[in-house]
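First the structure, in the form of structure tokens, and then the observations on it.
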Amino acid sequence: FEPKQPVQLNPPKDDPITLEHLAKCDGEHEGFPTYVAIKGTIFDVTGNKSYEKGASYHVFTGKDASRALAQSSLKAEDCRPDWEDLNDDHKKVLSDWFTFFSKRYNIVGKVAQEEGSNL
């Protein structure tokens, strides 16, 4: 999972980021970075052309795309945070994606738990 070129990452942050703010970090809102969340951890993918509007991985931006990543899906309806009910193979794929992202992108925060949420 090591990147071909070494990446200098900042220390991970655990700042709470609301879903409303995360939604604006989709690469389409001027002045906002581009974020992808996996298992509630938010990664800054700003500058990676694969996540820009019209690119193959843009569907993952501005949301927690755990389920889609676990299932290797590019469908918008699969880009959601629930993944615990998936089979072990999908959980392994998701874990691999988390490792892949953590070696390449800065962790900028965690998805804020909303009032009354049991996530």
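The values are calculated or read from the model by the stated rules, or taken from the named source; none is laboratory data. Just so it is clear, the model here is predicted, and its values are computed rather than measured. Ideal geometry is used to build each Cβ from the backbone, glycine not excepted, and the neighbour counts take in all protein chains shown. When the accessible area is computed, the model is the full protein with side chains, heavy atoms only, and any ligands, DNA or RNA have been set aside. Shrake-Rupley method; radii C 1.70, N 1.55, O 1.52, S 1.80 Å.
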Problem - Ala23 vs. criteria open to solvent by less than 70 Å² (accessible area, probe 1.4 Å), part of a helix (DSSP H, G or I) and out of contact with any Ser or Thr (no Cβ under 9 Å at 6 or more places or on another chain) - result: yes
Handout entry: the stretch 46-67, residues that are in a loop (DSSP other than H, G, I, E, B), under 22 Å from Val7 (Cβ atoms) and out of contact with any Cys (no Cβ under 9 Å at 6 or more places or on another chain)
Key = Gly47, Asn48, Glu52, Ala55, Ser56, Tyr57
Problem - Meets criteria (within 13 Å of Gly109 (Cβ to Cβ) and either open to solvent by less than 70 Å² (accessible area, probe 1.4 Å) or of a type outside the set (Lys, Arg) (or both)) for Asn48 - result: no
Handout entry: Criterion (touching a residue at least 60 places away in the same chain (Cβ under 8 Å) and aliphatic (A, V, I, L, M)) met by exactly one of Val93, Val111
Key = Val111
Problem - Ala70 at pLDDT 95 or above and touching a Leu at 6+ places or on another chain (Cβ under 7 Å) - result: yes
Practice task
Just name the residue that is nearest to Ala112 (Cα to Cα) out of those in the stretch 1-18 that are among the aliphatic types (A, V, I, L, M) and surrounded by fewer than 16 Cβ atoms within 10 Å (Cβ to Cβ).
Solution key: Leu9
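In the stretch 97-113, what residues are part of a loop (DSSP other than H, G, I, E, B) and open to solvent by less than 40 Å² (accessible area, probe 1.4 Å)?
If the condition is that a residue be part of a loop (DSSP other than H, G, I, E, B) and open to solvent by less than 40 Å² (accessible area, probe 1.4 Å), then Tyr105, Ala112 are the ones that fit.
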Exercise for the section: Collect the residues in the stretch 68-90 that are in a loop (DSSP other than H, G, I, E, B) and open to solvent by 50 Å² or more (accessible area, probe 1.4 Å), keeping them in residue-number order. Expected result: Gln71, Ser72, Leu74, Lys75, Arg80, Pro81, Asp82, Trp83, Glu84, Asp85, Asn87
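So, Tyr57, is that one in contact with an Asp or Glu (Cβ under 6 Å, 6 or more places away or on another chain) and surrounded by 14 or more Cβ atoms within 10 Å (Cβ to Cβ) or not?
Details: in contact with an Asp or Glu (Cβ under 6 Å, 6 or more places away or on another chain): no; surrounded by 14 or more Cβ atoms within 10 Å (Cβ to Cβ): yes.
Considered against the rule, which asks whether it is in contact with an Asp or Glu (Cβ under 6 Å, 6 or more places away or on another chain) and surrounded by 14 or more Cβ atoms within 10 Å (Cβ to Cβ), Tyr57 comes out as no.
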Practice task
Give the residue that is least open to solvent (accessible area, probe 1.4 Å), with candidates limited to residues of the stretch 26-45 that are assigned to a loop (DSSP other than H, G, I, E, B), more than 16 Å from Thr99 (Cα to Cα) and touching a helix residue (DSSP H, G or I) at 6+ places or on another chain (Cβ under 8 Å).
Solution key: Gly27
